[in-house]
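The values are calculated or read from the model by the stated rules, or taken from the named source; none is laboratory data. Because the structure is a prediction, the values reported are computed rather than measured. Cβ sites come from the backbone with ideal geometry, for glycine too, and all protein chains shown count toward neighbours.
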Amino acid sequence: MITTITLNPAVDKTIEINNFSVGNVNRVTSVRLDAGGKGINVSKVIKSLGSKSRAMGILSGKSGEFIKGYLDGIQILNDFIFTQGETRTNTKVVDPINHTNTDINEAGPEASLKDLNELNDKIFNDMKSEDMIILSGSVPSNVDKKIYGEWIVRAKEKGAKTVLDADGELLKYGILSGPYLVKPNIDELEGMFNKKINGIAETVEIAKSLLEYGIIIVAVSLGSEGAIFVNKECAIYARGLKVDVKSTVGAGDSMVAALAYSIEKGLSFEETVKLAVATGAANVMTEGTKASDIKTIIELEKQVEFEYL
């Protein structure tokens with residue numbers, strides 16, 4: 001079973017505004033509400049790929065009830081802790097005329113030690129060696145940034161595989177614990193090493209250095225330029241696909257979903273690369289954080305170009 005963890009979920013509110021103008025009155029042309037948060041987005045794409053996952057994390061208030069109802073409605077297994085407060089709303093302003101995407105993200109409620117301990121028990125008490133846990137996204141402001149690293153260690157003790165997609169200290173401490181797979185984007189990688197990374201060769205060099213922590217696969221997303229994939233045998237650069245962009249929100253989550261699916265199904269490294277790039281590209285062709293359909297992913301998969309480095 002693939003389990004996705006979302007400690008700081010959100011209702012994603014996507015509003016479309018033609019010629020969005022700061023400081024002026026803007027007329028909304030469409031509004032879309034989705035259950036969001038990185039782990040939840042991963043679960044939605046895993047379903048599109050034809051597999052199953054269990055979405056877990058922390059929900060609060062009416063917005064939390066909306067998210068649970070949304071997941072129940074699309075038949076994604078979920079088991080969240082409900083707490084005090086109100087799950088945040090993240091607003092995405094999409095301007096199709098000027099081709100801009102503006103994110104306005106709320107902080108979200110804090111999480112108590114009792115809530116975290118209860119969630120911890122839910123995650124790990126029945127974990128099996130064939131399971132996979134995906135740790136992605138931000139955490140409530142009062143939660144220790146070492147939490148993903150601690151959970152990676154505990155999952156490894158159970159023999160389960162771990163996938164990490166985070167930023168800042170969450171990424172740093174998570175990497176030190178040696179997850180099975182880590183997927184930073186280039187900005188997150190630069191932030192971790194506190195330096196500008198120039199070109200494909202340097203990105204590969206830094207990605208390979210992460211393998212020293214016991215990581216099996218490093219995938220670095222480069223936005224529209226594509227992605228780099230590294231394991232102990234080889235490094236592959238896959239070029240970005242040219243597609244009609246509707247929303248860039250969740251593209252990285254889609255790639256994570258494809259990577260987890262590929263590991264679960266035992267796909268080859270090349271097959272994994274093609275599926276990850278195609279799924280990420282398919283995501284930006286959809287509105288809001290809606291998961292793309294499998295037909296689009298399959299068609300894009302045929303167009304992926306890559307080279308060994």
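Worth a mention:
- Taking first residues from the range 20-39 that are closer than 30 Å to Met56 by Cβ and of a type in the set (Lys, Arg) and partners that are assigned to a loop (DSSP other than H, G, I, E, B) and at pLDDT below 90, the Cβ contacts under 6 Å between residues at least 6 apart in sequence or on separate chains come to Arg32/Glu287; Arg32/Gly288.
- Checking the stated criteria, Ile215 turns out to be of a type in the set (Val, Ile, Thr), at pLDDT 95 or above and over 19 Å from Glu270 (Cβ atoms).
- Tabulated pairs, the range 207-233, first of a type in the set (Lys, Arg), second surrounded by 14 or more Cβ atoms within 10 Å (Cβ to Cβ) and part of a strand (DSSP E or B), C-beta under 8 angstrom, 6+ apart or interchain: Lys208/Val218; Lys208/Val230; Lys208/Ala235
- Residue within the range 40-58 that is without any contact (Cβ under 8 Å) to a residue 24 or more places away in the chain and closer than 23 Å to Met285 by Cα present: no
- Checking Gly266 against (1) of a type outside the set (D, E, K, R); (2) exposed (fewer than 15 other Cβ atoms within 10 Å of the Cβ); (3) under 22 Å from Thr4 (Cβ atoms); (4) in contact (Cβ under 8 Å) with a residue 24 or more places away in the chain, the condition it does not meet: (4)
- The strands (runs of 3 or more DSSP E) found wholly in the range 73-187 and carrying at least 2 residues that are surrounded by fewer than 22 Cβ atoms within 10 Å (Cβ to Cβ) occupy 77-83, 88-95, 100-105.
- Answer from Tyr237, Tyr261 - the residue that is farther than 25 Å from Val153 by Cα, buried (at least 21 other Cβ atoms within 10 Å of the Cβ) and not basic (Lys, Arg): Tyr237
- Selection from the range 35-64 of residues that are assigned to a helix (DSSP H, G or I), among the basic types (Lys, Arg) and closer than 20 Å to Ala166 by Cβ: Lys38, Lys44
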